[in-house]
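Read through the structure below, which is laid out as structure tokens, and then see the notes.
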Amino acid sequence: MIDPYEILGVSREADVTAIKLAYRKRVKSAHPDTGGDAETFGQLKASFELLNDPIRRKVYDDTGYDPELADKKDLQGLVILEMLVNEMILDEREPGSFDPVSSMRRKLTDRIVNARFHILEMERHRARIRNHINRIGRKPETDVLGRMLKSRCETIADAISKADSEIQTIEQAYGMLDGYSYEIEIAEVKDAAE
């Protein structure tokens, strides 16, 4: 994800006028018709469009991502983190008395473990179906049972593929938590233990 403020050389507090001036100044030298680089020009244009749109700018400022510029996996990870943030906000425990970041990591890890277990179960079922297919004698004209069983194998393969994608999305969300820590108020925890 590019940082539109950095690309345009403006502060996060810059108003629309300052953003337009910065864009016009930089685009003159970056335009491919004047010997500039097409990629740089594209980044300038995308940055200007993002910061010139108040809704997109607000979303970017709040999340660090723009739906139109962000990678699809990042956006899917953000959706998962959004649910976890909502859970953290609704948690009735006193801030500082628990570590919500560790809790988020645990929940994500649990989801990955459950998805992997589900994949193993589906692979076991698919192997059993294949074993049945190999043992069933076929009628010469139609193979109704064989087609039904093959269809089930394909359905299971699709479900496995979806579960793999879900794991990748959860891992993306987990990676977004890298570098975060949470300060717990130790004095209160000690008092509560005594």
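Each value in this text was obtained by applying a stated rule to the coordinates, not by laboratory testing. Worth saying up front: this structure is predicted, and the values here are computed from it rather than measured. Don't worry about glycine lacking a Cβ; one is built from the backbone with ideal geometry, like all the others, and counts go over all protein chains shown.
Between 0 and 90 degrees, the angle of helix 100-135 with respect to the longest Cα principal axis of the chain falls at about 30 degrees. Rank Gln168, Asn134, Ile156 by how far each Cα sits towards the positive end of the charge dipole of the chain (+1 on Lys, Arg Cβ; -1 on Asp, Glu Cβ) and give me just the farthest. Checking the options against the dipole of the chain, the answer is Asn134.
Helix 38-52 and the longest principal axis of the Cα set of the chain meet at an angle near 80°. Applying both filters, DSSP loop and at most 13 other Cβ atoms within 10 Å, to the trypsin sites (Lys or Arg not before Pro) of segment 12-114 gives Arg12, Arg93.
Between the Cα long axis of helix 144-176 and the first principal axis of the chain there is an angle of about 30°, rounded to the nearest 10. In order along segment 19-33, phi translates into HN-Hα couplings of 5, 4, 4, 5, 5, 4, 5, 7, 5, 4, 8, 8, 5, x, 5 Hz, rounded to whole numbers, per the Karplus curve 6.51 cos²θ - 1.76 cosθ + 1.60 with θ = phi - 60° and x for Gly and Pro. Multiplying each eigenvalue of the alpha-carbon gyration tensor of the chain by 5 and taking the square root yields semi-axes of 47, 33, 11 Å, largest first, rounded to whole angstroms. For segment 81-98 and segment 46-76, what is the separation of their C-alpha centers, rounded to whole Å? What the calculation gives is 25 Å, centre to centre.
Would you calculate the volume per residue, in Å³, of the smallest convex hull containing every Cα atom of segment 4-69? Write down the numbers at each step before the final one.
Details: hull volume 4.9 nm³, N = 66.
Dividing the Cα hull volume of segment 4-69 by its residues yields 74 Å³.
Over the chain, with a Gaussian network built from C-alpha contacts below 10 Å, which listed residue (Ser102, Ser165, Ser151) shows the highest mean-square fluctuation? Per the Cα network of the chain with a 10 Å cutoff, Ser151 tops the list. Grouping the Cα pair distances of segment 60-108 into 10 Å bins from zero gives a pair-distance distribution of 23, 44, 27, 6 percent in increasing distance order. As a quick test, which of the pairs Lys73/Lys162; Lys20/Lys73; Lys25/Lys45 have an alpha carbon distance above 23 angstrom in this structure? Exceeds cut-off: Lys20/Lys73.
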